[in-house]
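See below for the structure under consideration.
Every read-out reported here was derived from the displayed coordinates using simple, explicitly stated rules and does not represent laboratory data. Since the structure is predicted, the reported quantities are computational estimates derived from the model, not experimental observations. Glycine also receives a Cβ, built like all others from the backbone with ideal geometry; neighbour counts cover every protein chain displayed.
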Amino acid sequence: MSKILVTGGSGYIGSHTIVALLEAGYEVVSIDDHSRSHDFIMDRIEQITGTEVVNHRINLVDRPALEAFFQREHHGITGVIHFAAFKAVGESSANPLLYFENNLVGQMNLMRCVEQYSIPHFVFSSSCTVYGNPESLPVTEHSPLLEPESPYGRTKVIGEAFLRDWVKVSATRVVALRYFNPVGAHPSALIGEFSRGIPENLLPYITQTAAGIRERLTIYGRDYPTRDGTCVRDYLHVCDVAQAHVAAIRHLGEHADAPSFDVFNLGSGVGQTVLEMVQAFEEVSGAPLAYSFGERRTGDVVAVYADNTKAREQLGWTTQYSLQDMLRTAWAWEQALSQSYNAHP
Ligand code: UD1
């Protein structure tokens, strides 16, 4: 079986993907500098899968360190899945250069090494943010890429563009996966999303409110042109996102005739409003959630959800987890966090 390098292997989607890769029989090596994650995640992955994964603590911006890693470890690596990037929209607006350097210089350095060692397959973490505020729904991979709403979004648009140009001269073939809103946690509740400080994203904010860490959720805006006035997003379970990466690696291996650069939407295909998420969470947790309405959040798009036909047809990928599964596992993870260690400094 081939060996896959996962960058950002201790992160939210990276750690779930390592589990899925190991369960599919791949060998995995990880790079993660733990700047936004925890070093014990590899132990948790071993608890779930029974397999030890070695993580190399390297920042991708540190080109000499990355080159030294590749020189030592490149043997047998047939694919790279690149997650290591910052993703906080608000932080990116406050500090664009941090995002440009971390996300784009890091990606460039990685591409150089992949090219030097002729690694054939590369999977890139992209985002539905590249569609901006879409004019028509659901969005397909052919929907126009609109002006990104944040510097974070811009790093994804540019990151894709780098790869699109590069494959014209490189031997590497690339799949970019455009995630909609990944939520939930592994059913074991051993791995999940860590929010640093006050969460920006909806689900961690909901679970922290239910756990008593936050007083109440503020729902950003109640006068959007949607069925209940709140924004619409396409939420999908992180384990389904992880499986899509296994499918993408398999696809690259099995279809040498596939385009050298390809993109796939990863969404459930269904849009939920913020209020619907709150109500569904209340049903799953069995308790009312404290919330109030606030102003619209700058940069929020009104509604976005995926046409996932291409991923279904070409990757053979479909979502397996329901909305209730997403909320149940997110809540179980939050409760496990509160019990086991001080995760909300
Ligand atoms: C955003 C980005 C996405 C990025 C993700 C990672 C866009 C369109 N999407 O997702 O690309 O990968 O962040 O951080 O830029 N909400 C509240 N109260 C809260 C938090 C959120 O009402 O306290 C609402 C938001 O207004 C939004 C929905 O919940 O309508 C989801 O928000 P969030 O979880 O932050 O994700 P996105 O903004 O969709």
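State the number of residues belonging to the range 51-84 that are among the small types (Gly, Ala, Ser), within 30 Å of His186 (Cα to Cα) and over 24 Å from the mean Cα position of the chain (by Cα). Quick ask: steps written out before the conclusion?
Let us first name the residues in the range 51-84 that are among the small types (Gly, Ala, Ser), namely 65, 68, 76, 79, 84.
Subsequent filtering for residues that are within 30 Å of His186 (Cα to Cα) retains 76, 79, 84.
Adding the requirement that they be over 24 Å from the mean Cα position of the chain (by Cα) leaves 76.
So the answer is 1.
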| task | Go through the range 1-89 and tell me which helices (runs of 4 or more DSSP H), entirely inside it, have 1 or more residues that are of a type in the set (Phe, Trp, Tyr) and within 22 Å of Ala248 (Cα to Cα). | result | 12-23
| said: If Pro96 satisfies all but one of (1) surrounded by fewer than 18 Cβ atoms within 10 Å (Cβ to Cβ); (2) in contact with a helix residue (DSSP H, G or I) (Cβ under 8 Å, 6 or more places away or on another chain); (3) within 29 Å of Ile158 (Cβ to Cβ); (4) in contact (Cβ under 8 Å) with a residue 60 or more places away in the chain, what's the number of the condition it fails? | reply: (4)
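Here are some residues: Thr218, Thr226, Thr230. Which one is assigned to a loop (DSSP other than H, G, I, E, B), touching a Gly at 6+ places or on another chain (Cβ under 7 Å) and touching a residue at least 12 places away in the same chain (Cβ under 8 Å)? Let's see the steps before the verdict.
Details: Thr218 fails: assigned to a loop (DSSP other than H, G, I, E, B); Thr226 fails: touching a Gly at 6+ places or on another chain (Cβ under 7 Å).
The unique qualifying residue is Thr230.
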| If you take the residues in the range 155-203 that are assigned to a helix (DSSP H, G or I) and free of Cβ contacts under 8 Å to residues at least 12 places away in the same chain, which one is farthest from the ligand (Cβ to nearest atom)? | Asp165
| note | Considering residues that are in contact with a strand residue (DSSP E or B) (Cβ under 8 Å, 6 or more places away or on another chain) and away from the ligand (no atom under 16 Å from the Cβ), the number found within the range 67-104 is 8
| query | Out of (1) surrounded by 20 or more Cβ atoms within 10 Å (Cβ to Cβ); (2) over 24 Å from Gln47 (Cα atoms), the odd one out for Ala256 is which? | reply | (1)
| query | What is the number of the single condition among (1) among the hydrophobic types (A, V, I, L, M, F, W, C); (2) within 14 Å of the ligand (Cβ to nearest atom); (3) part of a loop (DSSP other than H, G, I, E, B) that Val130 does not meet? | reply | (3)
